[in-house]
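Read through the structure below, which is laid out as structure tokens, and then see the notes.
The values are calculated or read from the model by the stated rules, or taken from the named source; none is laboratory data. Everything quoted here is computed from the prediction, not taken from an experiment. Don't worry about glycine lacking a Cβ; one is built from the backbone with ideal geometry, like all the others, and counts go over all protein chains shown.
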Amino acid sequence: MKVTIVGRQMNVWDEMKSAIEAKLSKLDKYFSDECSATATLSTSRNQKRLEITIVASGTIFRSEVEDETFRNALDRAVYLIERQIRKNKTRLSKRLRSGAFDQGFADTGEELEEDKEFIIRRKSFTLKPMSEEEAIMQMNLLGHEFFVFKNDETEQVSVVYKRHDNTYGIISAEEE
């Protein structure tokens with residue numbers, strides 16, 4: 001696994017880099033050598049934030065944890081990724097390294113029931129052309145975290161969403 005460690009507005013000391021690499025190397029049993037991991041460290045409001053993103057065979061595993069120390073955040077972030085893998089092991093067995101689940105998991109005493117059905121509810125609606133500002137207003141009026149709309153300037157289907165820092169982001173669809 002190729003590991004990239006990034007410090008946002010901070011320097012990451014060598015001891016922390018080696019701790020991150022050691023923890024992420026424990027996940028090598030699930031992934032092939034071609035996968036890559038990115039660990040991003042930052043500090044905000046006296047909290048340490050660690051984001052880990054692993055890209056393996058087109059599948060993205062991500063965890064974002066805030067804690068008092070980076071070591072605690074690292075432990076929880078790796079645990080969350082391993083939990084994602086365990087919870088979806090049947091679906092992931094085709095994408096992960098062969099034999100990844102043969103070794104068994106450490107018994108945490110936690111029962112994880114595998115999701116039987118992904119789609120719980122289907123909803124359809126007509127896309128109304130609107131501006132990005134109008135879409136944000138509509139999303140806020142509905143009290144949702146995201147809103148799908150047709151951008152009146154670009155004629156593309158777009159999604160506006162609310163970010164953790166109370167700003168907004170837009171995802172636009174592009175055709176190949």
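Laid out as a table, the results:
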quantity	calculated
Condition met for Glu113 (at pLDDT below 90, closer than 22 Å to Val6 by Cβ and in a loop (DSSP other than H, G, I, E, B))	no
Number of the condition not met by Ile85 [criteria: (1) aliphatic (A, V, I, L, M); (2) crowded, with 16+ Cβ neighbours inside 10 Å; (3) closer than 28 Å to Asp165 by Cβ]	(3)
Neighbours by Cβ (under 6 Å, 6+ apart or cross-chain): first from the range 53-71, basic (Lys, Arg); second assigned to a strand (DSSP E or B) and surrounded by fewer than 19 Cβ atoms within 10 Å (Cβ to Cβ)	Arg62/Thr53
Ile54, sole failed condition from (1) within 18 Å of Leu80 (Cα to Cα); (2) in a helix (DSSP H, G or I)	(2)
Check on Gly58, of a type outside the set (Asp, Glu), surrounded by fewer than 16 Cβ atoms within 10 Å (Cβ to Cβ) and either at pLDDT 90 or above or over 29 Å from Asp165 (Cβ atoms) (or both)	no
Residue within the range 30-48 that is among the small types (Gly, Ala, Ser), free of Cβ contacts under 8 Å to residues at least 60 places away in the same chain and not in a strand (DSSP E or B) present	no
